[in-house]
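Take a look at the structure below.
The values are calculated or read from the model by the stated rules, or taken from the named source; none is laboratory data. Because the structure is predicted, anything quoted here is derived from the model rather than measured. As a convention, Cβ positions derive from the backbone with ideal geometry for all residues, glycine included, and neighbour counts pool all protein chains shown.
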């Protein structure tokens, strides 16, 4: 495991340092519940210990979302460079994690490119749900245009969520999970193109397109 491999070299480090290394041991419960590393331990370390931990994380390959979260929490010039590098990672989950945890150091163009790619290609079991969560706060024109196109081009279950997000963005529902317009949104969950066109026309009227 990661922590056991690294702990041998941690001689002389304080308790927070050791605690952080231990937190990198990911068991099933931590994986299932989406529990990250011990960020409070990072805050309690000496500056020298944080530099040491940063080097451990930076040198790791491949990263996972917990590494990205920790790098964002460290918020150093080196960690910010890593977050920018993560936007080019081959793993979509890492690119999305860079937006989730490090959006403040990314450009709007970098964020939009990551979200557009996910909206175009991901499915609900492989990154799309995370992308949609991020779209709630990040929906420049390129992202909104992708949602509009996807209402017609993506499969019915995805089109449902895209239409819901558009209603949210335009203030027609309180959240993307608002069920007040569910009967209308269910009309998008079809492969009947004629029905989808009719529902899409109504959606455009609702949001003023």
Whether any residue in segment 96-115 is touching a residue at least 24 places away in the same chain (Cβ under 8 Å), outside any helix (DSSP H, G or I), outside the structural domain of residue 71 (by TED's automatic domain parsing) and touching a helix residue (DSSP H, G or I) at 6+ places or on another chain (Cβ under 9 Å) is what I want to check.
no
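Would you pick out the residues in segment 44-66 that are in a loop (DSSP other than H, G, I, E, B) and within 24 Å of residue 100 (Cβ to Cβ)?
45, 60, 61, 62, 63, 64
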Conditions (1) within 30 Å of residue 124 (Cα to Cα); (2) part of a helix (DSSP H, G or I); (3) without any contact (Cβ under 8 Å) to a residue 40 or more places away in the chain -> residue 36 fails only (2)
Of all residues making up segment 156-189, the number that are more than 19 Å from residue 121 (Cα to Cα) and not in a helix (DSSP H, G or I):
12
So residue 146 fits all but one of (1) free of Cβ contacts under 8 Å to residues at least 60 places away in the same chain; (2) surrounded by fewer than 19 Cβ atoms within 10 Å (Cβ to Cβ); (3) in contact with a helix residue (DSSP H, G or I) (Cβ under 8 Å, 6 or more places away or on another chain); what number is the exception?
(2)
Residue 128 surrounded by 15 or more Cβ atoms within 10 Å (Cβ to Cβ), at pLDDT 95 or above, out of contact with any helix residue (DSSP H, G or I) (no Cβ under 6 Å at 6 or more places or on another chain) and under 20 Å from residue 87 (Cβ atoms):
yes
Going through (1) assigned to a helix (DSSP H, G or I); (2) under 21 Å from residue 86 (Cα atoms); (3) without any contact (Cβ under 8 Å) to a residue 40 or more places away in the chain one by one, residue 119 fails only at (3)
